[in-house]
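A.B. asks: Pasting a structure here, questions to come.
Read the figures in this text as sums done on the coordinates, not as results from a lab. Predicted model only: the values in this text are computed from it and were never measured. Neighbour counts are summed over all protein chains in view; Cβ atoms, including those assigned to glycine, are modelled from backbone coordinates with ideal geometry.
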Amino acid sequence: MKKRIRKIRGISCIIILIAFILSLVEVPKHVNAETKNLPTSMKVNAVLSSHNGDSRLHKEFSSTSDSQFVLDTPESLKAEEYSYDSITVSWSGVTGASGYEVYRAESSDGPYNLILTSVSTSCIDKGVITDKTYYYKVRAYTVTGDSKIYSDFTPVVNGAATIINVVSVGLDKKTDTLTVGDKDTLAVSIKPKNATNQSVMWNSSDETVAKINSKGKITAVGAGKTIITVITVDGGITASCTIIVKDVVKNPKIKGIDVSKWQNRINWSKVKRSGVKFAMIRASYGSSGVDQMFSANYASAKANGIAVGAYHYSYATTVSRANKEVNFFIKRLKGKKFEYPICVDVEDSCQRGLNKKKLTNIVLTYLRKLSKAGYYPMIYANRTWYTTELDDTRLKVYDHWLAQWGASITYKGKVGMWQYTSSGKVKGINGRVDMDISYVDYAAKIKKLHKNGF
């Protein structure tokens, strides 16, 4: 009995001690949960742990405290002239913003009206009155549920649209060579790009040579030279282009050669003096063969004023192989300009015996890809191949380079170039060389069409 009483007294003492300790722990009365750009709700519970941490005493939770959602105010607001009737308004972005509202007034005191809502950090205020000052302020907002929370407004800034004068004018060409009947267009560039009045006038110093319309389109009228001048309405600033017009050459016969590594090193200066006007130079063969003299021949011929074209020797027996070869060929041409056509040479024995449709499809693969890549394409073959191995009716739209050695042409189709011998002799070249005649002034034609890098 005495033991039980002592046990009860011990428990009572413990209870009294716990109550005393809890009376010393204050329940948090207020929780301050200030945050920016992150809405939160918080409450706090007081906890008292025993010395060894194995037991805890809790009091009731504090009341809940909700944080106030606050957006930063946009900074660095600017209102700058964009054109004579537009003002660019820009500001720095705000983290957490869904968008921005731009307000405008015609005086610093207002009233300010919302002119647009933007998700970007800039906008163009169009249709303003030139030389009138406008006032702007911006605020950010974020969407929370069905409502918006706004930042404070930025400080007010002002801006005005003024007349922007032309500073300079330029043309895309300083010289141009045309043939009677040709047409070309000069492109004008005005600085600054946002100049208020970009109207121009045109003048030809000799309209018997070339005329020009209000849009910069030139028509070559007669042989000679004229100066085309563009004049800005704002300020009368000018730029000019010299136009040289040549007469149409009827049935031209232009002397040329075609070469490859088999001619070894060529003295192009001597070749030029011998009267050669153009050279077709082998660039590649098959799907991986590079003519080792191509770069040297190209550079030296150009340096001596000889017009240059390029050709690829084909081994393709399928359209797939032709695609691979023409892609390889095009890579060899990159970065170079050619006054004469870019040609596929079809004559190898591996292609003989393919049916007409298949071989023609192979050739068309080259020609179409070259054209798509911006080149002036041509096909080379001999008379027999044009008439028996290929379906020439499908190739008529492309220029033909005919190999027919002899004194005259018996092929009935249209010929752009004729290779008339493989046993030519030209100063500057050791041994024999293929000789050609061009019946088209390809240098003028290709430049006019802006093909082959022009």
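A.B. asks: Round to the nearest 0.05 the FRET efficiency obtained for Lys253 and Lys396 when R0 = 22 Å and r is the Cβ-Cβ distance. List each step's numbers first, then the result.
C.D. replies: Details: r = 22 Å, r/R0 = 1.02.
Given R0 = 22 Å and the Cβ-Cβ separation, E is 0.45.
A.B. asks: Further question: What distance in nm separates the simple spin-label points at Thr387 and Glu80, each placed 7 Å from Cα in the Cβ direction?
C.D. replies: Simple spin-label model gives 7.2 nm for this pair.
A.B. asks: How many nm separate the modelled label positions at Asp172 and Asp109, each set 7 Å beyond the Cα in the direction of the Cβ?
C.D. replies: 5.5 nm
A.B. asks: Just how far, in whole angstrom, is segment 369-402 from segment 257-279 if you go by their alpha carbon centroids?
C.D. replies: First find each Cα centre; the distance between them is then 25 Å.
A.B. asks: Which order results if Glu339, Glu106 are arranged by neighbouring Cβ count within 10 Å, fewest first?
C.D. replies: Values: Glu339 24, Glu106 14.
Ordered from fewest to most neighbouring Cβ atoms within 10 Å, Glu339, Glu106 come out as Glu106, Glu339.
A.B. asks: OK, next. Take every DSSP beta bridge with both residues inside segment 255-394 and express the antiparallel ones as a percent of the total, to the nearest 5.
C.D. replies: Close to 10 percent.
A.B. asks: Name the lysines eligible as straight-distance cross-link partners of Lys272: C-alpha to C-alpha under 16 Å, and not fewer than 8 places from it in the same chain.
C.D. replies: Excluding near neighbours in sequence, the set is Lys255, Lys302, Lys425, Lys427.
A.B. asks: Let me ask something else. For segment 213-223, in order, what is each residue's ³J(HN,Hα) by Karplus, 6.51 cos²θ - 1.76 cosθ + 1.60 with θ = phi - 60°, in whole Hz (x at glycine and Pro)?
C.D. replies: Taking θ as phi minus 60°, the curve returns 9, 5, 9, x, 8, 9, 10, 6, 9, x, 5 Hz for segment 213-223.
A.B. asks: Now for a different question. Any number yet on Rg/Rh for segment 168-246, C-alpha, Kirkwood?
C.D. replies: Result: Rg/Rh = 1.00.
A.B. asks: Which of the aspartates and glutamates could a cross-linker bridge to Lys148, judged by Cα under 19 Å and excluding same-chain residues fewer than eight apart?
C.D. replies: In chain and number order, the partners are Asp66, Asp72, Glu101.
A.B. asks: What are the ³J(HN,Hα) values, in whole Hz, obtained from phi via the Karplus relation 6.51 cos²θ - 1.76 cosθ + 1.60 with θ = phi - 60°, for each residue of segment 318-324 in sequence order, with x given for Gly and Pro?
C.D. replies: Values, residue by residue: 9, 5, 4, 5, 4, 4, 5 Hz.
A.B. asks: Note the full-extension length gain between Ile129 and Asp348 as 0.36 nm times their separation in residues minus their Cα-Cα distance, in nm to one decimal. Please report the intermediate quantities before stating the final value.
C.D. replies: On the way: separation 219, 0.36 × 219 = 78.84 nm, distance 7.30 nm.
Stretched out fully, the Ile129 to Asp348 stretch lengthens by 71.5 nm.
A.B. asks: Okay, next question. Separation of segment 233-256 and segment 137-204 by C-alpha centroid, Å?
C.D. replies: Centre-to-centre distance over Cα atoms comes out at 31 Å.
A.B. asks: Pop a pseudo-label 7 angstrom from the Cα along the beta-carbon direction at both Leu116 and Asn165 and give the gap in nm to one decimal.
C.D. replies: About 3.0 nm, to one decimal.
A.B. asks: With N denoting the number of residues in segment 94-201, provide Rg(C-alpha) divided by 2.2 N^0.38 Å, to two decimal places.
C.D. replies: 1.73
A.B. asks: What share of the DSSP beta bridges in segment 313-454 is antiparallel, in percent to the nearest 5?
C.D. replies: Roughly 30 percent of the DSSP beta bridges within segment 313-454 come out antiparallel.
A.B. asks: Restricting the count to DSSP beta bridges whose residues both fall in segment 200-335, what percent are antiparallel, rounded to a multiple of 5? Display every interim value, and only then the final one.
C.D. replies: Numbers: 18 of 29 bridges.
Expressed as a percentage, antiparallel bridges in segment 200-335 total about 60.
A.B. asks: Distance check, please: which entries in Lys174/Lys369; Lys78/Lys132; Lys183/Lys334; Lys173/Lys215; Lys193/Lys336; Lys372/Lys447 exceed 22 angstrom between their Cα atoms?
C.D. replies: As for pairs spanning more than 22 Å Cα to Cα, those are Lys174/Lys369; Lys183/Lys334; Lys193/Lys336.
A.B. asks: Over segment 257-367, what portion of Cα pair distances is larger than 23 Å, expressed as a whole percent?
C.D. replies: 31 percent
A.B. asks: Just to verify a number: FRET efficiency for Glu207 and Tyr439, C-beta to C-beta distance, R0 = 45 Å, to 0.05?
C.D. replies: Here the calculated transfer efficiency is 0.90.
A.B. asks: Please report the equivalent ellipsoid semi-axes of segment 254-449, computed as sqrt(5 x eigenvalue) of the Cα gyration tensor, largest first, in whole Å. Don't skip to the end; give the middle numbers.
C.D. replies: Details: eigenvalues 125, 70, 50 Å².
For segment 254-449, the ellipsoid semi-axes come out as 25, 19, 16 Å.
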